[in-house]
Amino acid sequence: MEQANKITFEQYVRLALSHARFSRNEDASWTVEVPVLPGCITWGITRIEAVEMAKDAIEAWIITALRFGDEIPAIDGCYLQYAIDEIEDVETTPRETEGSYSETAGSRV
């Protein structure tokens, strides 16, 4: 059995993004499909916006899969390194709240 190459969330997102397929639409907007993550498709008015939307879509795809216990696929032999206990303990706060929330410290910073 080969050694699994585990990478961080950020590295996994960048790796998935490197597989993104961009296509220009008739209205000059861009559609982005990330075939390594089934069903991960988004769009943007400009190519730059499409890249940002693809990054957001990849992050949302991963978080949704983790929350529902779905398999996170290996990409180019790399696996997302995560601990399920950490995911279940994460608290979220509304974006309207001032300050940022520290997931590790459990307090406002």
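Nothing in this text is a laboratory measurement; each read-out follows from the coordinates by a stated rule. All values reported here derive from a predicted model rather than from experimental measurement. Because the Cβ atoms are built from the backbone with ideal geometry, glycine has one as well, and the counts that use them run over all protein chains shown.
Assess whether Tyr79 counts as being in a strand (DSSP E or B) and not small (Gly, Ala, Ser).
Details: in a strand (DSSP E or B): yes; not small (Gly, Ala, Ser): yes.
For Tyr79, the condition - in a strand (DSSP E or B) and not small (Gly, Ala, Ser) - is met.
If you scan the stretch 16-75, which residues turn out to be assigned to a strand (DSSP E or B), basic (Lys, Arg) and over 27 Å from Asn5 (Cβ atoms)? Let's see the steps before the verdict.
Narrowing the stretch 16-75 to residues assigned to a strand (DSSP E or B): 21-24, 30-33, 41-44, 75.
Of the ones still in play, those that are also basic (Lys, Arg) are 21, 24.
Arg24 - this is the single residue of the stretch 16-75 that is assigned to a strand (DSSP E or B), basic (Lys, Arg) and over 27 Å from Asn5 (Cβ atoms).
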